[in-house]
Amino acid sequence: MTPVHPEYILTLSCPDQRGIVQRVSGFLAEHGCNILDSAQFGDSAARRFFMRVHFALEDAGLSDSALRADFAALCQQAQWDAQLHDAGRKPRVLLMVSKIGHCLNDLLFRYKSGLLPVEIPAIVSNHMDFYQLAASYNIPFHHLPLAAGASEEAKAAQEARLLELIDANAVDLVVLARYMQILSPRLCAALKGRAINIHHSFLPSFKGAKPYAQAHQRGVKLIGATAHFVTGDLDEGPIIEQDVERVDHAMDVDALSAIGRDVECVVLARAVKWFVEHRILQNGDKTVVFK
């Protein structure tokens, strides 16, 4: 029987310089590791280097803790911003939704079908519309209402409860699957680099209410969706993925909306999958995505 070796994903970001790939590969070889997949990118403008390596630890005599300790020492010496992720661990993802459920439904289907390698410990909403959907997947549903025009105190209390749920469930990623509330700067800061939103257009076009009606009124020929990290600047966080579909004058608002919903689902699912597979590295206001 072929032995099963533990697998890891190494992600690295640092100032660009000669010899980084050699040092990484040399470290892995010296520690009995076999590289399964590797990708790297050097940003000449930012003078930064990015790397993702998927490898197997084939030396049965080397413990996980020893590997991590030696790698941490190398990173400190080389001044690398790097992490070792257990490739066999499914990241824990909390989903947030309001009253529009297509993205939530799509992510839950992908999760249940094994297409999305995650655990979903909770679904949070400011409405009760999808509590039965959550129950059908045996996922706890948390109703955190927030009335229109709620005071700053009420909003702070609701977000504090959300943070408690995130901490209690050891959440790795928060996904705003059409959660239609603006997060406070404090919450955005607390979730920096681990919250993804889906926006129903190519940013920054057609912000606000009824985006597809706005698009139809302007006679657009392409509609799209953008998945991005959440920041304190509304809908302007680092972009992870975008896609478009061609439309024409014969389509009404409902047809545009239906096509748009499909694009949103696909774009958000890609972004979530790439995040949980540790394929996304932030590069200032941009991202590097190793597909």
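Every read-out reported here was derived from the displayed coordinates using simple, explicitly stated rules and does not represent laboratory data. Since the structure is predicted, the reported quantities are computational estimates derived from the model, not experimental observations. Backbone-built Cβ (ideal geometry, glycine too); neighbour counts: all protein chains shown.
Taking the centroid of alpha carbons for each part, the stretch 65-91 and the stretch 229-246 are 29 Å apart. Sorting 190-201, 167-178 by average packing, meaning the other beta carbons within 10 Å per residue, from highest down gives 190-201, 167-178.
Estimated purely from DSSP H runs of n ≥ 4, each contributing -39500 (n - 2.57), the mean residue ellipticity at 222 nm for the chain is -10500 deg cm²/dmol once divided by its residues. Within the straight-line cut-off of under 12 Å between alpha carbons, the aspartates and glutamates reachable from Lys210 are Asp254, sequence neighbours fewer than 8 places apart in one chain being disregarded.
The calculated pair-distance distribution of the stretch 7-86 uses every alpha carbon pair, bins of 10 angstrom beginning at 0, and gives 18, 56, 23, 4, 0 percent.
Beta bridges assigned by DSSP with both partners in the chain are antiparallel in approximately 75 percent of cases. Projected label points at Met180 and Gln17, each 7 Å from Cα along the beta carbon direction, are separated by 5.2 nanometres. Residues of the stretch 256-274 falling in the label zone of Ile100, defined by backbone nitrogen less than 12 Å from a point 7 Å along Cα to beta-carbon, are 257-265. Modelled this way, with points 7 Å down the Cα-to-C-beta line, the labels at Leu234 and Arg161 are 2.4 nm from one another.
Based on C-alpha pairs under 8 angstrom that are at least 6 apart in sequence, the chain has a relative contact order of 15 percent. With both labels modelled 7 Å from their Cα along Cα-to-Cβ, the Ile35 to Asn138 distance reads 4.2 nm.
A Gaussian network model of the chain, with springs between Cα atoms under 10 Å, assigns the largest mean-square fluctuation among Ile20, Ile123, Ile166 to Ile20.
Just so you know, the averaged projected area of the alpha carbon convex hull for the stretch 222-291 sits at 5.3 nm². In whole angstrom, the chain maps to an equivalent ellipsoid with semi-axes of 37, 23, 19, each derived as √(5λ) from the alpha carbon gyration tensor and ordered largest first.
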